[in-house]
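The values are calculated or read from the model by the stated rules, or taken from the named source; none is laboratory data. These numbers come from a predicted model, not from an experiment. Positions of Cβ are backbone-derived with ideal geometry, glycine not excepted, and every protein chain shown enters the neighbour counts. The protein model used for the area step is the full one, side chains on, heavy atoms only, and it has no ligands, DNA or RNA in it. Shrake-Rupley method; radii C 1.70, N 1.55, O 1.52, S 1.80 Å.
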Amino acid sequence: MDLSLSSSLSRNHAPLYLYKASSLPNSRYPTRPLSNFPNQDLKPRISLRKPLFLRHSNNPIRAQNPDQAIDDGFFIEDVPHLTNFLPNLPSYPNPLHRSPAYAIVKQTFVNPEDVVAEKIVVQKNSPRGVHFRRAGPRERVYFKSEEVRACIVTCGGLCPGINTVIREIVCGLNSMYGVDDILGIEGGYRGFYSKNTTQLTPKAVNDIHKRGGTFLQTSRGGHDTNKIVDNIQDRRINQVYIIGGDGTQKGAAAIYKEVEKRGLQVAVAGIPKTIDNDIAVIDKSFGFDTAVEEAQRAINAAHVEVESVENGVGIVKLMGRYSGFIAMFATLASRDVDCCLIPESPFYLEGQGGLFEFIEQRLKENGHMVIVLAEGAGQDYVAQSMHVVDEKDASGNMLLLDVGPWLTQKIKDHFTKIKRMPINLKYIDPTYMIRAIPSNASDNIYCTLLAQSAVHGAMAGYTGFTVGPVNSRHAYIPIARVTETTNTVKLTDRMWARLLASTNQPSFLQKNEAMQEKLDGKTSDVINNTEITS
Ligand SMILES: Nc1ncnc2c1ncn2[C@@H]1O[C@H](COP(=O)(O)OP(=O)(O)OP(=O)(O)O)[C@@H](O)[C@H]1O
Ligand SMILES: O=P(O)(O)OC[C@H]1O[C@](O)(CO)[C@@H](O)[C@@H]1O
Ligand SMILES: [Mg+2]
């Protein structure tokens, strides 16, 4: 049985494109024909699958037939490689071969067959499922160190750890690959064509991980693919590191496509950044833990304030446009929170099972309560009670209505005017404080791994990819996979149940279900609509 394909695979990266995604149920990734890829003489369909299959098979009969391995339901969603459109690109031994730091490492280079499973929990007989290429250094690289001219850009909102990622890209490129031509693009995407660049050296970025924000500045809007790629060409940049959220990654995909269209030897690597933790596929976004930790300070303050007065009600507003992860995790971590309101779980104020009833009950029981409110919670509800003009930011993101003051006023009015029950309401809005701080120790390490994975990937000639941990293993993920959906809190998952169990707050499900039925036209006028919209 031929298991000796590693060397041919490490020479060329086309084989792993051959996945069989079209046969996956609801697959969005059609199988790409062999003829789309260079070096098709390697016959990867058979060679690759044999050992991958064999590693997991105890059945020698099935293992002898590689086609049966394909039926095992094993798929790879791979990332592009420069040799796809530049088939004659030379490769070189990875300089890490000579690195004293890696001298006694058991396996410096990632096995070309290593993949990371998207789903870690499977059943005995379930298909093996979707996999991504494992991140890490490769035996051969597609850039000579002295010919690399890299650039780094940061876009979108802030997040703890951006500076650590910048620092570690610069230091990683320099210390592992001997690259010393690294440009900082200032002020986000528009910086490519409207600003001068700054030279980034290990010395220049040495201390920046201790600061919040972005050393390179950021912006929203201003993505002009042609102008950006013109500039990349004019400046002879051949590695582009792009740090940003979902919008930024869409921009990175557009840049990659244009680079490919022009046939440029430019590796485009995306590093996902979002304080909201709303990026799909990856386990968690960097800076998220730091933000949750910082949110504890605001929650603690609210708790101290409200337990020191009679009928104290504390409201803490946290970030989270469409995903309530920060609010959910901050609530779970704190244990001082009585109610957590997130965008995914519409709430209502009045009537049975509503928020007012719950507040009254908690005040009677404990004399105080704390509410954590994600900024995107109850947006439809708020919109119903105020005149709304749709406003967007420079990137086209809808600007949210400020649910914090709205809810504060609603609660005050209800208890003082209607219930005649004096309450002490303290509203805390630490919105920007939780994302403007430096990353904590574990986020720093996470950022380092992200940066190094991106550097290894670009040096190895991969392009149009995003890096990130999938089930704790860093992987190269096609950009479209992380931008086509958004990660949101699943109300049907056990984590939300844990939260409900810890706060004992209403689930608001009864009314929501009734509302949904009404929207679906299943019921006529069962619901008192004025109650819901007031
Ligand atoms: N569909 C798109 N195609 C190309 N560029 C885009 C697209 N969407 C957004 N961008 C660009 O990406 C940059 C950042 O986008 P945006 O402001 O939405 O932030 P983000 O990256 O999503 O980060 P976050 O939402 O976490 O703050 C902007 O310069 C914007 O012009
Ligand atoms: O005020 P800015 O900088 O536009 O950012 C606010 C938004 O950025 C985020 O932090 C990330 O998308 C959101 O939670 C928030 O709504
Ligand atoms: Mg975004």
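What FRET efficiency comes out for residue 472 versus residue 146 if R0 is 25 angstrom and r is the Cβ-Cβ distance? Round to the nearest 0.05. List each step's numbers first, then the result.
Working: r = 35 Å, r/R0 = 1.42.
Step by step, r from the Cβ atoms, then E = 0.10.
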Which value, in debye to the nearest 20, describes the size of the charge dipole of the range 156-279 about its Cα centre when Lys and Arg Cβ atoms bear +1, Asp and Glu Cβ atoms bear -1, and nothing else is charged? 160
Karplus-derived 3J(HN,Hα) from phi for the range 411-418 (6.51 cos²θ - 1.76 cosθ + 1.60, θ = phi - 60°), whole Hz, x at Gly and Pro, runs 5, 4, 4, 4, 7, 7, 7, 8
Can you send over the solvent-accessible area of residue 385, 1.4 Å probe, protein chains only, in Å² to the nearest 10? 50
Cα-centred dipole magnitude for the range 214-304, charges only on beta-carbon of K, R (+1) and D, E (-1), debye, nearest 20: 380
For the range 243-288, build the charge dipole from Cβ charges (+1 Lys, Arg; -1 Asp, Glu) around the Cα centre, then report which of 256, 272, 285 sits farthest towards its positive end. 256
Compute, for residue 369, the solvent-accessible surface of its heavy atoms (probe 1.4 Å) with the complete set of protein chains present, and express it in square angstrom to the nearest 10. 0
Theoretical gain in end-to-end length, residue 392 to residue 201 [0.36 nm per residue, Cα-Cα removed]: 65.1 nm
Compute, for residue 146, the solvent-accessible surface of its heavy atoms (probe 1.4 Å) with the complete set of protein chains present, and express it in square angstrom to the nearest 10. 140
Rounded if a/c under 1.5, otherwise prolate or oblate - the range 285-372, Cα gyration tensor axes: oblate
Would you tally the net charge around residue 496, using a Cβ to Cβ cut-off of less than 14 Å, leaving residue 496 out, and scoring K and R as +1, D and E as -1? +1
Among the listed pairs 210/273; 195/392; 144/227; 317/490; 250/284, which have their C-alpha atoms separated by more than 22 angstrom in this model? 195/392; 144/227
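List the trypsin sites (Lys or Arg not before Pro) within the range 305-409 that DSSP assigns to loop and that have no more than 10 neighbouring Cβ atoms inside 10 Å.
Values: sites: 317, 321, 335, 362, 364, 392; in loops: 321, 335.
Hits after loop and neighbour filter: 335.
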Pairwise label distance in nanometres, residue 357 with residue 310, each label 7 Å out on the Cα-Cβ vector: 2.7
What distance in nm lies between label points placed 7 Å from Cα along the C-beta direction at residue 265 and residue 175? 2.8
Using Cα positions and a limit of under 18 Å, work out the aspartates and glutamates in reach of residue 124, with same-chain residues fewer than 8 apart set aside. 71, 72
How much length is gained on full extension from residue 86 to residue 384, taking 0.36 nm per residue of separation minus their Cα-Cα distance? 101.7 nm
Which residues does the label zone of residue 486 cover in the range 311-331, counting backbone N under 12 Å from a point 7 Å along Cα→Cβ? 320-325
Among 414, 475, 453, whose Cα projects farthest towards the positive end of the dipole of the range 372-475, with charges put on the beta-carbon of Lys, Arg (+1) and Asp, Glu (-1)? 414
May I ask you to derive the FRET efficiency for residue 419 and residue 125 from their Cβ-Cβ distance with R0 = 56 Å, giving the value to the nearest 0.05? 0.45
Please state the charge dipole magnitude for the range 397-508, taken about the Cα centre, from unit charges on C-beta atoms (+1 on K and R, -1 on D and E), reported in debye and rounded to the nearest 20. 580
I want to check the label-to-label distance for residue 493 and residue 235. Put each point 7 Å from Cα in the C-beta direction and report it in nm to one decimal. 3.7
Sort 203, 419, 119 from largest to smallest accessible area, using a 1.4 Å probe on the heavy atoms of the protein chains. 203, 119, 419
Among 163, 116, 127, whose Cα projects farthest towards the positive end of the dipole of the range 114-186, with charges put on the beta-carbon of Lys, Arg (+1) and Asp, Glu (-1)? 127
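Suppose R0 equals 30 Å; then what is the FRET efficiency for residue 502 and residue 283 from their Cβ-Cβ distance, rounded to the nearest 0.05?
Details: r = 22 Å, r/R0 = 0.75.
FRET efficiency, residue 502 to residue 283: 0.85.
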